[in-house]
1. Using a 1.4 Å probe, how large is the accessible area of Glu180, given in Å² and rounded to the nearest 10?
2. Is the shape of the range 79-214 rounded, prolate or oblate, going by the alpha carbon gyration tensor and its root eigenvalues a ≥ b ≥ c, with a/c under 1.5 for rounded and a/b larger than b/c for prolate?
3. Going from most exposed to least, what order do Glu166, Glu11 have by accessible area with a 1.4 Å probe?
4. What is the dipole size for the chain, taken about its Cα centre, with +1 at each Lys and Arg Cβ and -1 at each Asp and Glu Cβ, in debye to the nearest 20?
5. Counting trypsin sites (Lys or Arg not before Pro) as exposed when in a DSSP loop with at most 11 other beta carbons within 10 Å, what is the longest stretch of the chain free of them?
6. Projected onto the charge dipole of the chain (+1 at Lys/Arg Cβ, -1 at Asp/Glu Cβ, origin at the Cα centre), which of Leu119, Gln103, Leu167 gives the Cα projection farthest towards the positive end?
7. Just read off the accessible area of Tyr209 with the full protein assembly in place, 1.4 Å probe, to the nearest 10 Å².
8. May I ask you to derive the relative contact order of the chain, considering only C-alpha pairs under 8 Å and at least 6 residues apart, and to give it as an integer percent?
Amino acid sequence: MLIITIKQGKEKSLLAGDPWIYPTAIDKVDGKPQEKMKPGSTAIVQSSSRQFIGRAAYNSKSQIRARMWSYKEDEPVDHAMMKRRVKAAIAKRADSVRAAHPQALVPVVLGEEDGLSGLIVHSWGGVQGYLICQFQSGGVDAWKVPIVQALLAETGCPNVYERCDELIRKGEGLPLIQRELAGEAPPDHVLVVDGKERYSMDLRTGFRYPKLRS
């Protein structure tokens, strides 16, 4: 496992709850070269005095060099953590998802808010509809399999699709992938209802077609 040593005085923002670590805050990164080059590698974060701060996802290709997973020394970064956090995110928004219009695009997972930095998931069409995922950091991209497994198990939705934001994924050094992760891909056009507004969207890309008149 990699070890990130933070420069003296730079650990204050981390201890205050800021989950992002920038290159200017890092003194050194110790570990195997192949692990340093792999986006999303798990790293122990320590202070300049070698005191444990937490665990993070390290990405040498990103301007956000590391994203904190946990500040708990007894909490490993593993499949169980990912599934637990996805489950908690879905439970937190279950009422709003149930109350939403069947054709509304509803948030299910919202990145840092759910301890899953870089992961954005929206639901459309209810249980038999589609989950649209964006893996916008090396950390969540590295744990894609357990994340998708948890989404399927906790929502009952059989269709999970990965949308690709090219600019963000290029900045993270990640491959540009847009594909079905489970089940079927959504159609080219679906009707999205957002309050009083209605519009046609390609869920695969996020492209909004011209507004429909009521």
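1. 100 Å²
2. Values: a/c = 1.82, a/b = 1.28, b/c = 1.42.
Cα axes put the range 79-214 in the oblate bin.
3. Values: Glu166 105, Glu11 30 Å².
The ranking, largest first, comes out as Glu166, Glu11.
4. On the way: 31 positive and 25 negative charges, 60 e Å.
Its charge dipole is roughly 280 debye.
5. Working: sites that count: Arg50, Lys72, Lys196, Lys211, Arg213.
It works out to 73-195.
6. Leu167
7. Accessible surface of Tyr209 is approximately 60 Å².
8. Details: 453 pairs, mean separation 30.9, N = 214.
After rounding, I find 14 percent.
The values are calculated or read from the model by the stated rules, or taken from the named source; none is laboratory data. Every value quoted in this text rests on a predicted model; they were computed, and no experiment measured them. Methodologically, a virtual Cβ is constructed for each residue, glycine included, from the backbone with ideal geometry; neighbour enumeration extends over all protein chains shown. Remember, those area values only see protein heavy atoms, side chains included, never the ligands or the DNA or RNA. Shrake-Rupley method; radii C 1.70, N 1.55, O 1.52, S 1.80 Å.
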